[in-house]
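What follows is a short report on a single structure.
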Amino acid sequence: MKIGTMVYIDGQEELELKLQQLVKFGFDNCQLCSWKPSLWTDEKAAEVSELTKKYGISISAFWCGWEGPVVWNHYDGQLTLGLVPPEYRQMRVQNLCDGADFAKKLGVTDIITHMGFIPENPNDPNFAPFCVAVRTVAEHLKENGQYLLFETGQETPVTMLRCFEKVGCDNLGINLDTANLILYGRANPVDALDVFGKYVRNIHAKDGFYPTNGHDLGEEVRLGDGKVDFKAFFAKLKELGYDSYVTIEREIWGEEQEADIMYARDYINSILKEVYGG
């Protein structure tokens, strides 16, 4: 397994400082994340390439955000997230294609995003046009030699699988966020692997609790303090033959985030030794 963490391109802090911190944590890979299409320039690509080479960092995937409103709950999220809301769909299809082109300049093959609250009902009138939009993005990425990865969370595993079947492209994959399936109350990440395990190409190692009301997501917590059974999860990954990236994500900021990331690194390594040996 290759353990890394997230690095954000947001224009607020020098990328070099973030990569220096990555090395300090003992990582040699990351998911690069950006929600600002204005930063996806040739100049920025050249800067990223130069600095990742300088610090010996490989980029496992590009987490591609999109323009427009973003609300992370069960009510407004239905109206604002991903390619599901029709009023933002065309703009965000373009955002994802532009992000993929930026990632191609970095030699990155996997593009990750949240697709939104995919309709659970396949007869929902919004399901088919949503799948057409996904296919448009996937076909663009196919031309680039890239994969389009859905990050888990807002949809049940079987809904994601149904979408893959409807879209019908062979370059679709999954970034399995272990906590999101719980935070959204959608599934247990261990059991979810029985549904879509063959599609998993990257992991967000994250922990949390199930929702306690119908409006808000559950609480994200330090790895090992929530509901994710990481030992069972990695044992299932071993059965599936997964031996790729595990990206630590902790959605807080500051010194506590740094401490929790380092704790998560050691926690994961101890479980991997137990499950894989060595």
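Being closer than 25 Å to V137 by Cβ, polar (S, T, N, Q), touching an Asp or Glu at 6+ places or on another chain (Cβ under 8 Å) and modelled with pLDDT of 95 or more is a property that N171 lacks.
Scanning for something outside any helix (DSSP H, G or I), farther than 19 Å from M6 by Cα and out of contact with any Lys or Arg (no Cβ under 9 Å at 6 or more places or on another chain), does region 92-104 turn up at least one residue? No, there is no match, as no residue in region 92-104 is outside any helix (DSSP H, G or I), farther than 19 Å from M6 by Cα and out of contact with any Lys or Arg (no Cβ under 9 Å at 6 or more places or on another chain). Just to be sure I understand, how many residues within region 242-252 are surrounded by fewer than 16 Cβ atoms within 10 Å (Cβ to Cβ) and among the charged types (D, E, K, R)? Adding up the residues that qualify gives 2. For region 63-76, the criterion of being buried (at least 18 other Cβ atoms within 10 Å of the Cβ), at pLDDT 95 or above and more than 16 Å from F150 (Cα to Cα) is met by no residue. Quick check on D124: is it out of contact with any strand residue (DSSP E or B) (no Cβ under 7 Å at 6 or more places or on another chain) and within 24 Å of P157 (Cα to Cα)? Spelling it out, D124 is indeed out of contact with any strand residue (DSSP E or B) (no Cβ under 7 Å at 6 or more places or on another chain) and within 24 Å of P157 (Cα to Cα).
Residues considered: D42, D10. Of these, the only one that is touching a Lys or Arg at 6+ places or on another chain (Cβ under 8 Å), of a type in the set (D, E, K, R) and at pLDDT 95 or above is D42. Does region 52-69 include one or more residues that are among the charged types (D, E, K, R), under 30 Å from Y263 (Cα atoms) and in contact with a strand residue (DSSP E or B) (Cβ under 7 Å, 6 or more places away or on another chain)? The answer is no; no qualifying residue exists.
Per-residue answers, yes or no, for (1) farther than 23 Å from L172 by Cβ; (2) among the acidic types (D, E):
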position: E14; (1), (2): yes, yes
position: K44; (1), (2): yes, no
position: G65; (1), (2): no, no
position: L83; (1), (2): no, no
position: Q94; (1), (2): no, no
position: A100; (1), (2): no, no
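Every residue, every condition in (1) in contact with a helix residue (DSSP H, G or I) (Cβ under 6 Å, 6 or more places away or on another chain); (2) surrounded by fewer than 16 Cβ atoms within 10 Å (Cβ to Cβ); (3) under 16 Å from W66 (Cβ atoms); (4) of a type in the set (F, W, Y), yes or no:
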position	(1), (2), (3), (4)
E13	no, yes, no, no
L17	no, yes, no, no
K24	no, yes, no, no
D28	no, yes, no, no
L32	no, no, yes, no
P37	yes, no, yes, no
D42	no, yes, no, no
V48	no, no, no, no
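Scoring R92 on the criteria (1) surrounded by fewer than 23 Cβ atoms within 10 Å (Cβ to Cβ); (2) touching an Asp or Glu at 6+ places or on another chain (Cβ under 9 Å); (3) more than 21 Å from L181 (Cα to Cα) leaves a single failure, condition (1).
Quick one: in region 102-114, which of the residues that are of a type outside the set (S, T, Y) and touching a helix residue (DSSP H, G or I) at 6+ places or on another chain (Cβ under 7 Å) is surrounded by the most Cβ atoms within 10 Å (Cβ to Cβ)? Per the stated criteria, the residue is I111. Answer yes or no: is there a residue in region 120-135 that is under 26 Å from V71 (Cβ atoms), outside any loop (DSSP other than H, G, I, E, B), without any contact (Cβ under 8 Å) to a residue 24 or more places away in the chain and hydrophobic (A, V, I, L, M, F, W, C). Among the residues of region 120-135, at least one is under 26 Å from V71 (Cβ atoms), outside any loop (DSSP other than H, G, I, E, B), without any contact (Cβ under 8 Å) to a residue 24 or more places away in the chain and hydrophobic (A, V, I, L, M, F, W, C), which makes the answer yes. Going residue by residue through region 108-117, is there one that turns out to be within 16 Å of G65 (Cα to Cα), of a type in the set (D, E, K, R) and either touching a strand residue (DSSP E or B) at 6+ places or on another chain (Cβ under 9 Å) or not in a loop (DSSP other than H, G, I, E, B) (or both)? Yes, that holds for at least one residue.
Please verify whether V200 is at pLDDT 95 or above, more than 17 Å from D110 (Cα to Cα) and not polar (S, T, N, Q), treating the condition exactly as stated. Considered against the rule, which asks whether it is at pLDDT 95 or above, more than 17 Å from D110 (Cα to Cα) and not polar (S, T, N, Q), V200 comes out as no.
The values are calculated or read from the model by the stated rules, or taken from the named source; none is laboratory data. This structure is a prediction, so every number in the text was calculated from the model and none was measured. All Cβ positions, glycine included, derive from the backbone under ideal geometry; neighbour counts span all protein chains shown.
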